[in-house]
Amino acid sequence: MGIIDIPNTEMEQEIVLMGESDDNFEKNWVKKRELKGATIASLNETGFPNNLRNPSCLTKVGHSAWEDMAMSGFRDDEDAPIVKRVNEALIQFPSIKRINLYSCLSGVLPQSCERLKLRDRIKDQADEAIKKLSYAEHFILALQKAFLESETDFPKDLCVVACLGLVKHNNGRAGISRGKRLIPQEKYTEIDPISFFVNINCAQFLATYQQHSTQTTKSNSYSCSPKATFFASASSTTTMQENQDFTTLDTQSQLETPKKRTRPFFAKMTNPYTVLTGEPNSNFPTH
């Protein structure tokens, strides 16, 4: 079936978190959502309307993941308003099973490790590994920490839907317009190469993260960009070990390129196996 936005008939079961910025994109998007029945709640307040009955979905929209989604202080252990608010909502409404992070590139990986699976991204020291997560993965880890601090069990069957591209301006309906980038398939992810959404099973992600973060593996480290250049247009770093289950597109025409990028995501690159050994490796992706 793929991953799609919730239908209009189910928006009465949705809570949309609204920031206090003067961003017309967010204001117009949220207003259209409200007209279809969604409940709007301020990001920087506490409590929710008393008339809510068993909401199933919590949504936040924005242009930029780190700034517009109120998580810019994530890596410095500063307070992230969205985490506090989502934690509050999930405790008050256990019926919520889906969180929509409808922000540009909220599900993509840093470009310098975009082909690596989670186990290869976090096998280095903790201070380096933390730079190799997507916004959505950071969000889930921070949410788990919030539940631990509130001495409340992390909700079961919770999923996070994030964007693998730039969000459209399309009357309150979630969609990806351009800048589409796919990520490696993991046990905890469902990736839709048509809608360019990724559905992350939170419990499975946390279990996988815990499993690999406790393993001590000595290997080459791959340095990722700091937060300030998290989504900078830079050449991708490749690894000698090919990722066999990396999700790809069938045709180049299906992949749209961000305006600021200097080359497509699957641009032809030098095979590191050939550079080191002088022998060709037919399995290495060249486009």
- Only one of (1) out of contact with any Leu (no Cβ under 9 Å at 6 or more places or on another chain); (2) buried (at least 20 other Cβ atoms within 10 Å of the Cβ) does not apply to SER150, and that is (2)
- Item | Selected residue (criterion: surrounded by the most Cβ atoms within 10 Å (Cβ to Cβ)) from residues of segment 94-104 that are touching a helix residue (DSSP H, G or I) at 6+ places or on another chain (Cβ under 7 Å), over 12 Å from GLU137 (Cβ atoms) and modelled with pLDDT of 90 or more | ILE99
- Confirm whether PHE154 is more than 25 Å from ASN8 (Cβ to Cβ) and under 13 Å from the mean Cα position of the chain (by Cα). no
- Any residue in segment 195-209 that is at negative phi and assigned to a loop (DSSP other than H, G, I, E, B)? yes
- Query: Across segment 3-33, which residue is farthest from THR189 (Cα to Cα) among those that are part of a loop (DSSP other than H, G, I, E, B) and modelled with pLDDT under 90?
  - Reply: ASP22
- Query: Checking ALA174 against (1) modelled with pLDDT of 90 or more; (2) in a loop (DSSP other than H, G, I, E, B); (3) not hydroxyl-bearing (Ser, Thr, Tyr), which test does it fail?
  - Reply: (1)
- Query: Restricting attention to segment 132-160, which residues are out of contact with any Lys or Arg (no Cβ under 8 Å at 6 or more places or on another chain), of a type in the set (Lys, Arg) and assigned to a helix (DSSP H, G or I)?
  - Reply: LYS145
- Taking LYS132 as meeting all but one of (1) under 21 Å from VAL16 (Cα atoms); (2) in contact with a Cys (Cβ under 6 Å, 6 or more places away or on another chain), write down the number of the exception. (1)
- Within segment 49-93, of all residues that are closer than 27 Å to GLY37 by Cβ and of a type in the set (D, E, K, R), the one modelled with the lowest pLDDT is ASP68
- Could you give every pair whose Cβ atoms fall below 7 Å, whose first residue belongs to segment 172-187 and is of a type in the set (Asp, Glu), and whose second residue is crowded, with 22+ Cβ neighbours inside 10 Å and not in a strand (DSSP E or B), counting only separations of at least 6 or pairs across chains? GLU186/LEU118
- Query: Is it the case that ASN44 is in contact with a strand residue (DSSP E or B) (Cβ under 9 Å, 6 or more places away or on another chain), part of a loop (DSSP other than H, G, I, E, B) and modelled with pLDDT under 95?
  - Reply: no
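The values are calculated or read from the model by the stated rules, or taken from the named source; none is laboratory data. Treat the numbers as computed from the prediction; the structure is a model and nothing was measured. Quick reminder, even Gly has a Cβ in these numbers, built from the backbone with ideal geometry, and neighbours come from all protein chains shown.
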